[in-house]
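Working notes, structure below.
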Amino acid sequence: MANSIAIEGLHAGYGEVRVLSGISMNVQGGETVVLLGTNGNGKSTLIKCIMGQVRPTAGSIVADIDGTSYDLIGRSTEDIVGIGISLVPEGRRLFPKLTVEENLRLALVGAKASEPALELKKAYARFSILEERKNQKVRGLSGGERQMLAIARGLLGHTSLLLMDEPSEGLAPLVVRELRDSILKIKGEGVTVLLAEQNTKMALSTGDRHYILEKGEIRFEGTTESISKNGEVMMQYLGVPV
């Protein structure tokens, strides 16, 4: 069944500071959709609104998960995760003094997985390097390995829609390519993906559709092909010369 999100007329901010102004967009089942734009233009705030971490001042966020419609505004983050929407947060937010497996087992408690052993097996099947490192403390992992662990954690339990906030941040180019391949593999498993990303090359090679945000508003919407062929958009909003 389709696992999608529809956002209409969304306004949000922090106190008197308005960050999002009338955002309307959608993510259809099975798609990978990317929020593009430089820092400070509202990408992370939009992700946080979907996850219940920021309460919008106006507008709607409706998710259709496994055939059931959910109004997300007003729900707790725990409730939203329980519906099947998960987040790989900016900065990964792992527990550095715990091992790889301890991080996963701790997340399994929050995911309320009915078969924890099976979930661990699936995580290690997705990312074999994590199985090799399962008894190693997170603080000893490379940046790429930490990101793989953060993604594996986000996919534990029933995850129909995965949100990712700046997943390539701080990663070397080779690791970014591995990250791209992982996201494409996740999409191939039927998981709908929405990610906020500054790395234009990675985003365009991963996403089906893209929304460019500037000053809390959507300035452009289109497929990878339509953005790649639009030199003005690439230069003006993404700073990429064509």
Could you pull out every one of the strands (runs of 3 or more DSSP E) wholly within segment 11-106 that has 1 or more residues that are closer than 24 Å to Gly143 by Cα and touching a residue at least 40 places away in the same chain (Cβ under 8 Å)?
32-36, 85-88
Conditions first: (1) over 22 Å from His158 (Cβ atoms); (2) under 17 Å from the mean Cα position of the chain (by Cα); (3) charged (D, E, K, R). Arg133 passes all but one, so which condition is the exception?
(2)
Just for segment 205-236: of the residues that are among the small types (Gly, Ala, Ser) and under 19 Å from the mean Cα position of the chain (by Cα), which one is farthest from Val193 (Cα to Cα)?
Gly216
Looking only at segment 167-211, and only at residues there that are basic (Lys, Arg) and in a helix (DSSP H, G or I), the one that is surrounded by the fewest Cβ atoms within 10 Å (Cβ to Cβ):
Lys185
Quick one: would you say Ala123 is closer than 22 Å to Lys187 by Cα, small (Gly, Ala, Ser), in contact with a Leu (Cβ under 8 Å, 6 or more places away or on another chain) and part of a helix (DSSP H, G or I)?
yes
Scanning segment 49-63 for residues that are of a type outside the set (Gly, Ala, Ser) and either surrounded by fewer than 19 Cβ atoms within 10 Å (Cβ to Cβ) or in contact with a helix residue (DSSP H, G or I) (Cβ under 9 Å, 6 or more places away or on another chain) (or both) gives Ile50, Met51, Gln53, Val54, Arg55, Pro56, Thr57, Ile61, Val62
Taking segment 17-45 and keeping only residues that are over 20 Å from Glu166 (Cβ atoms) and within 17 Å of the chain's Cα centre (by Cα), one is left with Asn26, Gln28, Gly29, Gly30
Output the residues belonging to segment 58-71 that are hydrophobic (A, V, I, L, M, F, W, C) and under 15 Å from Ser24 (Cα atoms).
Ala58, Ile61, Val62, Ala63
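Each reported figure results from applying straightforward, stated rules to the coordinates on display, with no laboratory input. Just so you know, these numbers come straight off a predicted model, no measurement behind them. Note that we place each Cβ from the backbone using ideal geometry, even for glycine, and neighbour counts take in every protein chain shown.
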